[in-house]
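The values are calculated or read from the model by the stated rules, or taken from the named source; none is laboratory data. It should be emphasised that the depicted structure is a prediction, and the values quoted were computed from it without experimental measurement. Glycine also receives a Cβ, built like all others from the backbone with ideal geometry; neighbour counts cover every protein chain displayed. Remember, those area values only see protein heavy atoms, side chains included, never the ligands or the DNA or RNA. Shrake-Rupley method; radii C 1.70, N 1.55, O 1.52, S 1.80 Å.
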Amino acid sequence: MKLGIIGSGGIVQNFLPYLSQMKGLTLSALLSTPRSLDAAREMAAEYGIKDVTSDFEAFCASDIDTVYVAVPNFLHFDYCKKALERKLNVIVEKPMVSGIREAEILKETAKKNDCFLFEAITTLYLGNYRKIKEWLPRIGTIKIAQSQYSQYSSRYDAFRNGEVLPAFDPAKAGGALMDLNLYNIHYIMGLFGKPQSYQYYANIERNIDTSGTLIMQYDGMIAICAAAKDSKGMTGGVIQGTDGVIRSQLSPNLVGKVTLELNDGTVEEFDDGFANKRMIPEFEAFIDAINRNDHAFCDEMLEKSMAVTEVQTKARIAAGISFPTD
């Protein structure tokens, strides 16, 4: 894989040390805004990235076959579509796009151009999450599943004082459902699939959800996804069955140590140690799939993202939260 990165913000800075050491991947190009170009050049020099530019066409013309889109939510669709139209594979940070209509367009564009399209959701690729899947049959009939992610946003004070940054801007696909709660939804739907029905109960300030709870109804089971950017709270997952319970220790993007407790007193623990290196397993999977031309795997993961995007979009609109792209 010859990777070009769009964006030079925090997530790129945090992950470049790992990306630069991954087998089967070459860091080839970096696209930055003109304002951040000097900092991007310094970053590129540190990690051996040859081409650095603020021009999208020059970026696409560099020696790349795959693009990693790591810019604010509202910019995802445009960059993804333009890259796919140039027959470049795309890995895009969550949320994939602002809504299901955009997701359907990207899916069709990827198919038309025979390209890979992945949403970067660390949860689904972590070994601890796979262990939860393995344990599920052991806890009997599942009755309640919960995933919670609450983190007081560093941008919330500014929002309360009247400054609207992208994280809380409905015009830029902000809000808790599009951010922290997306991990919760992937955590639940990755285990149990699409719910029969669902409803989002949100705390809304100035037309955006600063926190909220998504309730999802399955056959004989209720799932609860709670997230907050306006308050601190609990994080982690709990899956309750008739024969036992499974707990995950950390937020759903990290998962952390998982514990199985059965009604007969059996207790098992598992931790693969990747919570602090959460992006490695997903990128290893992306590199492997693209290098082996494994479209079946890509299609499988894309369908998961499409289902989550549909639930997220319909729940958000029903709760009265509108984006320009709706």
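Rounded to whole numbers, the Karplus 3J(HN,Hα) couplings from phi for the stretch 175-182 are x, 5, 5, 7, 10, 5, 6, 4 Hz, using 6.51 cos²θ - 1.76 cosθ + 1.60 with θ = phi - 60°, and x at Gly and Pro.
What is the angle, in °, between the Cα long axis of helix 295-318 and the longest principal axis of the Cα atoms in the chain? Nearest 10 is fine, range 0 to 90. Taking Cα atoms only, the helix is inclined about 70 degrees.
Between the Cα long axis of helix 37-47 and the first principal axis of the chain there is an angle of about 80°, rounded to the nearest 10. In summary, the convex hull built on the alpha carbon positions of the stretch 232-326 has an orientation-averaged projected area of 10.0 nm².
Grab the other residues whose beta carbon is less than 10 angstrom from that of Ile91, score K and R as +1, D and E as -1, and report the net.
In short, -3.
Solvent-accessible surface of protein heavy atoms, probed at 1.4 angstrom with all chains present, puts Ser231, Ser32 in the order Ser231, Ser32, largest first.
Between 0 and 90 degrees, the angle of helix 10-19 with respect to the longest Cα principal axis of the chain falls at about 80 degrees.
For Glu303, the accessible surface of its heavy atoms amounts to roughly 90 Å² (probe 1.4 Å, protein chains only, rounded to the nearest 10).
Database remark: amide H of Phe118 closer than 5 angstrom to the amide H of Val90, Ile91, Val92 (H placed geometrically; neighbours at sequence offset of 5 or more, or on other chains; Pro and chain starts carry no H). Applied to the stretch 93-100, the Karplus parametrisation 6.51 cos²θ - 1.76 cosθ + 1.60 on θ = phi - 60° returns per-residue 3J(HN,Hα) values of 4, 6, x, 3, 8, 7, x, 5 Hz, with x for Gly and Pro. Can you give the helix-only mean residue ellipticity at 222 nm for the chain, where every DSSP H stretch with n ≥ 4 adds -39500 (n - 2.57) and the sum goes over all residues, rounded to the nearest 500 deg cm²/dmol? One gets -10500 deg cm²/dmol as the mean residue ellipticity at 222 nm.
Based on protein heavy atoms only, the stretch 264-326 ends up with 49 Å² per residue of surface accessible to a 1.4 Å probe. Within the stretch 80-171, the chymotrypsin sites (Phe, Trp or Tyr not before Pro) that combine a DSSP coil assignment with at most 15 other C-beta atoms in a 10 angstrom radius are Tyr152.
Partner lysines whose Cα lies under 18 Å from the Cα of Lys277, excluding those fewer than 8 positions away in the same chain, are identified as Lys23, Lys94, Lys131, Lys257.
Exactly which trypsin sites (Lys or Arg not before Pro) in the stretch 165-241 are in a DSSP loop and have at most 12 other Cβ atoms within 10 Å?
Those satisfying the criteria are Arg206, Lys232.
Which of Lys111/Lys314; Lys81/Lys314; Lys81/Lys133 have a Cα-Cα distance over 27 Å? Over 27 Å apart, Cα to Cα: Lys81/Lys133.
With contacts taken as Cα pairs under 8 Å and at least 6 residues apart, the chain reaches a relative contact order of 18 percent.
Only bridges whose two residues both fall in the chain count here: according to DSSP, what percent of them are antiparallel, nearest 5?
Among the beta bridges of the chain, antiparallel pairing accounts for roughly 60 percent.
Pick from Thr33, Thr266, Thr210: which residue has the top mean-square fluctuation in a GNM of the chain where Cα pairs under 10 Å get a spring? Result for the chain, Cα springs under 10 Å: Thr266 fluctuates most.
For volume of the Cα convex hull per residue in Å³, the value computed from the atomic coordinates appears in the list [x] 150; [y] 184; [z] 129 under label [z]. Using a cutoff of 8 angstrom between alpha carbon atoms and counting only pairs six or more residues apart, the relative contact order for the stretch 58-193 works out to 22 percent.
With the other protein chains left in place, how much accessible area per residue, in square angstrom, belongs to the stretch 1-122 at a 1.4 angstrom probe?
44 Å²
When the Gaussian network model of the chain links Cα atoms closer than 10 Å, the mean-square fluctuations of Asn181, Asn291, Asn89 top out at Asn291.
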